[in-house]
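*Asks:* Pasting a structure below so you can have a look.
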Amino acid sequence: MKNPLQTVSVIGLGYIGLPTAAVLAQAGKRVIGVDLQESTVTAVNSGTVPFVEEGLETVVAGAVARERLSAQTQTPPADAFIVSVPTPFKDDHLADLSYIDSAARAIAVQLRGGELIVLESTSPPGTTEHMAEVVLAERPDLTQDPMHRNSVYFAHAPERVLPGRIMIEMVDNDRIIGGTTPVASEMTRELYSSFCRGELLLTDARTAEMAKLTENAFRDVNIAFANELSIIADKLDIDVWELIELANHHPRVNILQPGPGVGGHCIAVDPWFIVSAEPESARLIATAREVNDSKPEVVLEKTLDVAERFKAPKIAALGIAFKANIDDLRESPSRQIVNRLADTVEDGTILVVEPNVDELPAELAGRPNVQLTELDAALDAADIVLLLVDHAPFKQVDQEQLRTKIIIDTKGLWR
Ligand code: SAJ
């Protein structure tokens, strides 16, 4: 086994990279975080965090104060590198690996031989091998052959944490580790066992990549089933929530919840990586994506149908985050619905209620027919109440306040 991996550089200090850097530093490693954004680097070096995540700031502040954690914009030499950069998809749903490629090139110039490079970003099958090729193309003096003096080691260790519970799940969840060689897997196990209390499950890189995609595709397909049921039930005049509740009494049936669509950076993206790897075979997975992506349009149509009854409809749109009780508006189906409503209902007003943000996102701000409004004021003024996210304060709404309103409840919150 190579050196004991004391210094770790985490490339990309986002929602996953920064918590990973923090728990590694807490476990006694010397961690140098790297991010292109000066503002992120400055925030971390002053012991603060650039986004909201329960429990993160305390650990970052402690690690920075004890000089276990620092941040910079350039990749330094280290014993191990963890790559945690975005892998968005392009227009054709193919993964954009450019952030991984740049990280790999920046790491390559720092290598002395013996280092471990772990890819954490969710990626299509074959990406860890691709990252190794990028590094070795820059450094033909190095090799993946563990018998060689100048070897470097590559592995995939996908994250599986749930936003809002990252600091707990980062430590407690079981973790899949897939090296491009068995020695690389063992080195990664050693590194992750410094902070991970869950089981560390060793496999090869390709299977590890596919396992992460499979987990999110599984959830996507199951949500698509619920969303399709909701469309069918609506047409048959059946209450889908009651239907699911009843069916779930069966000991082997566990249907998820329908909603206005599937958002976030993971479940709405990752299944496409399977589809683009095997388009001919991934039929169910592709269809599930299409069903979930079509749901915002179904909600929009239903709302417009009702809005037609009013000359200048006032629509209270409750929630634009991608799911309950978070401030993350990325890939949010409810935000998409509000945008389309604002485009279409020109004579009306959309009263957006989002208790987790202080201002509307750029594309909605400044529109004359859209206002960020307090919950009570929006409910009082509205003709139509469109519930899009099951945030806790919406659950508390007094039903008396809704008595005279037309309600479109996409989450079944007020049943
Ligand atoms: N949703 C429904 N109905 C449901 C459950 C969720 O419509 O019954 C919607 C949500 O409203 C949201 C979207 O699906 O728009 C995704 O939310 P989520 O809570 O299912 O998942 P994420 O995206 O916050 O986190 C997922 C998790 N993956 C799985 O549960 C398999 C998390 O463990 C992963 O680490 C994360 O993706 C990731 O980073 O890949």
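*Asks:* Quick check on region 338-347. Is at least one of its residues away from the ligand (no atom under 16 Å from the Cβ), within 30 Å of residue 126 (Cα to Cα) and not in a loop (DSSP other than H, G, I, E, B)?
*Replies:* Looking for residues that are away from the ligand (no atom under 16 Å from the Cβ), within 30 Å of residue 126 (Cα to Cα) and not in a loop (DSSP other than H, G, I, E, B), one finds none in region 338-347, hence no.
*Asks:* Something else now. Out of curiosity, is residue 42 surrounded by fewer than 22 Cβ atoms within 10 Å (Cβ to Cβ) and within 30 Å of residue 204 (Cα to Cα)?
*Replies:* Details: surrounded by fewer than 22 Cβ atoms within 10 Å (Cβ to Cβ): yes; within 30 Å of residue 204 (Cα to Cα): no.
No, not satisfied.
*Asks:* Of (1) in contact with a strand residue (DSSP E or B) (Cβ under 9 Å, 6 or more places away or on another chain); (2) surrounded by fewer than 18 Cβ atoms within 10 Å (Cβ to Cβ), residue 162 satisfies all except one. Which?
*Replies:* (1)
*Asks:* Okay, moving on. Within region 1-49, can you find the residues that are over 20 Å from the mean Cα position of the chain (by Cα) and assigned to a helix (DSSP H, G or I)?
*Replies:* 24, 25, 26, 38, 39, 41, 42, 43, 44, 45
*Asks:* Based on this model, can you work out whether residue 64 counts as touching a helix residue (DSSP H, G or I) at 6+ places or on another chain (Cβ under 7 Å) and closer than 25 Å to residue 187 by Cβ?
*Replies:* Here the answer is no, as residue 64 does not meet what is asked.
*Asks:* Would you tally the residues in region 400-415 being assigned to a loop (DSSP other than H, G, I, E, B) and farther than 24 Å from residue 295 by Cβ?
*Replies:* 2
*Asks:* Which ones in region 184-215 are basic (Lys, Arg) and away from the ligand (no atom under 16 Å from the Cβ)?
*Replies:* If the condition is that a residue be basic (Lys, Arg) and away from the ligand (no atom under 16 Å from the Cβ), then 189, 197, 206 are the ones that fit.
*Asks:* Among the listed residues 296, 271, which satisfies the condition of being over 24 Å from residue 120 (Cβ atoms), within 13 Å of the ligand (Cβ to nearest atom) and in contact (Cβ under 8 Å) with a residue 12 or more places away in the chain?
*Replies:* From the options 296, 271, the qualifying one is 296.
*Asks:* Of 389, 397, 352, 357, which residue is within 16 Å of the ligand (Cβ to nearest atom) and either part of a loop (DSSP other than H, G, I, E, B) or surrounded by 21 or more Cβ atoms within 10 Å (Cβ to Cβ) (or both)?
*Replies:* 389
*Asks:* Could you count how many residues in region 222-232 are away from the ligand (no atom under 11 Å from the Cβ) and of a type outside the set (D, E, K, R)?
*Replies:* Matching residues across region 222-232 total 3.
*Asks:* Taking region 134-183 as the search range and keeping residues that are of a type in the set (Gly, Ala, Ser) and touching a Gly at 6+ places or on another chain (Cβ under 9 Å), which one is nearest to the ligand (Cβ to nearest atom)?
*Replies:* 157
*Asks:* Report, by residue number, each residue of region 120-138 that is buried (at least 16 other Cβ atoms within 10 Å of the Cβ) and touching a residue at least 40 places away in the same chain (Cβ under 8 Å).
*Replies:* 120, 121, 122, 123, 124, 125, 127, 128, 129, 131, 132
Read-outs throughout are calculated quantities, based only on the coordinates presented, and are distinct from any laboratory measurement. No experiment lies behind these values; they were computed from the predicted model shown. So basically every Cβ, Gly included, is an ideal-geometry build from the backbone, and we count neighbours across all protein chains shown.
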